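Shown next, in structure tokens, is the structure this report addresses.
The values are calculated or read from the model by the stated rules, or taken from the named source; none is laboratory data. Keep in mind the model is a prediction, meaning the values are calculated, not measured. Reconstructed Cβ throughout: ideal geometry from the backbone, glycine too, with neighbour counts over all protein chains shown. The area values use the complete protein model at the heavy-atom level, side chains included, leaving out ligands, DNA and RNA. Shrake-Rupley method; radii C 1.70, N 1.55, O 1.52, S 1.80 Å.
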Amino acid sequence: MTEDRILDEASGWFVRQQDDAMDWEGFTAWLEADPRHRQAYDGLCALDSDLDFHGKDLEAGFSNISPPANDDGPRWGRWAGLGGAVAAALALVVVMQPVERGSQIQEYRSAVGHSREVALADGTRVALAPDSRLTVSGPQLALEGTAYFDVPHKPGRELAVRAGSFTISDVGTRFAVANEAGSVSVDVEDGRLSVSSDRLDRAIVLTAGHGIKADEQTIRLTQMRPADVASWRNGKLQFENAPLSLVVRDISRYSGRSVTADPAVSGQPFSGVIAIDNGDTAARNLAQIMALDARPVDGGVRLEPRRR
Amino acid sequence: MAETPVQGLLATLEEQRVALRRFLVARTGSESDADDLLSELWIKSQAGATGPIANPGSYLFRMANNLVLDRLREARRRSRRERDWTGEFHGDQDLALEIADTSPTSEQLLIEREEARHLREAIAQLPPGAQRVLKMHKIDGLSHAAVAESLGITKSAVEKHMAVAMAHLRRILRDWGND
């Protein structure tokens with residue numbers, strides 16, 4: 001999902017480059033946040049250049065034209081000031097369908113700022129965190145992003161959830177899975193499940209209050225209060241030693257409000273719980289805890305070093 | 001907001017030099033490229049703008065961004081054989097066969113024709129609104145504002161359609177490229 005999210009953000013920035021209201025400082029900060037951002041933007045420049053190169057040769061492709069709706073509703077209006085970054089993501093949720101997929105495969109996507117409930121035919125209920133994707137092919141589920149699963153116990157159930165290189169199976173339980181930016185975590189709220197992977201010698205069984213967290217280098221077992229599993233469902237985000245850049249990214253994603261961090265402070269670590277709320281309050285609280293300034297900028301809030 | 005006289009552009013450049021350089025470093029990923037482009041920007045600013053500029057700061061950033069775009073386009077033209085000159089999705093393969101001759105070979109033409117076909121197929125999959133806006137802007141050459149006026153929609157709706165179109169096309173072409 002991360003690559004998709006980056007591409008959506010990149011096209012939001014790309015289409016606004018000729019706009020007088022373009023937030024160049026915000027664009028700079030976005031580029032600095034992750035080298036993949038520049039690559040995605042370069043990719044769009046290449047596409048743009050190709051479109052110009054072929055020009056009229058492409059006319060035959062435009063077969064599907066009808067007057068576009070002016071769907072610039074209040075939702076979009078709120079986004080319009082963001083440099084379009086998140087706006088594009090929002091818009092794409094509606095239109096992106098996988099290309100050439102078998103008909104029995106169902107795909108569910110959630111928009112930035114919106115979680116989504118999905119009820120599967122076998123009684124499983126899934127809460128998709130904002131900006132996530134769940135693919136369902138019979139009992140095989142694949143997750144990009146973050147989700148909470150409530151799977152009724154049923155003997156002989158074959159349900160398996162794939163997240164990155166990990167597979168969660170033997171489930172009859174409630175649990176959360178996050179597959180984000182190269183790291184995968186599984187947290188069990190209730191019941192038990194087993195986690196397998198090429199990276200593990202054998203499957204690990206996890207019970208309530210236990211979890212596993214893997215990044216590219218390490219895999220470790222974790223513990224948490226079952227009540228804290230998937231706390232985003234109750235409007236709370238938990239962080240443990242996370243860089244501020246990641247914290248503001250999550251706040252933006254969950255609240256739908258653009259919160260950014262000045263590169264001078266984006267590496268500062270944060271541990272704690274933040275109420276997502278409407279994003280602005282979250283940003284202000286975060287600023288207070290970390291002794292930063294929360295400055296309103298075009299369409300959102302930016303956290304900056306505190307001025308004397 | 002007061003309009004800035006053309007000679008004010010250089011003063012603005014000096015004022016914003018740090019921010020502009022920082023942008024160029026972030027945009028190119030290279031300090032030396034950024035410094036090159038900053039010099040180029042200075043020369044262009046000295047030559048002056050074609051008309052009064054309402055917001056010289058944002059004008060300079062746009063100019064800087066366009067300089068990077070021009071360089072990328074130039075590189076793209078030089079190596080049309082390479083599917084993706086940024087190399088991000090295919091690894092950083094160097095182009096073994098640099099095309100020195102400017103006249104296209106028959107193989108090149110074939111590749112270009114194939115590329116156009118892919119683009120057409122990808123365009124055909126766009127949602128209608130995005131497709132129409134893309135055509136008016138990229139093929140017919142209308143500005144965002146002109147597209148907005150002609151369709152009776154807002155400029156931000158045009159931007160939204162364009163963002164959908166660009167991300168969608170890029171995603172489709174990228175997926176094909178990976179196959």
| field | Surface/4 estimate of mean projected area, convex hull on alpha-carbon atoms of chain A, nm² | value | 18.4 nm²
| What's the Kirkwood radius of segment B:8-78 in Å, using all Cα pairs? | 12.3 Å
| field | Average beta-carbon neighbours from other chains, 10 Å sphere, peptide B:144-150 | value | 1
| Counting each DSSP H run of 4 or more residues in chain A as -39500 (n - 2.57), what helix-only mean residue ellipticity at 222 nm follows after dividing by all residues, to the nearest 500 deg cm²/dmol? | -8500 deg cm²/dmol
| message | Give me the mean projected area, in nm² to one decimal, of the convex hull enclosing the Cα positions of segment A:235-305. | response | 3.8 nm²
| request: Take every residue in peptide B:129-140, count the Cβ atoms of other chains within 10 Å of its Cβ, and give the average of those counts. | output: 5
| note | On complex formation of A with B, accessible surface lost, both sides summed, probe 1.4 Å, nearest 100 Å², amounts to 6000 Å²
| request: On a C-alpha basis, how far is the centre of segment A:196-234 from the centre of segment A:103-151 in Å? Whole number, if you could? | output: 19 Å
| request: Could you give the C-alpha radius of gyration of segment B:106-178 expressed as a fraction of 2.2 N^0.38 Å, taking N as the number of residues it contains? | output: 1.23
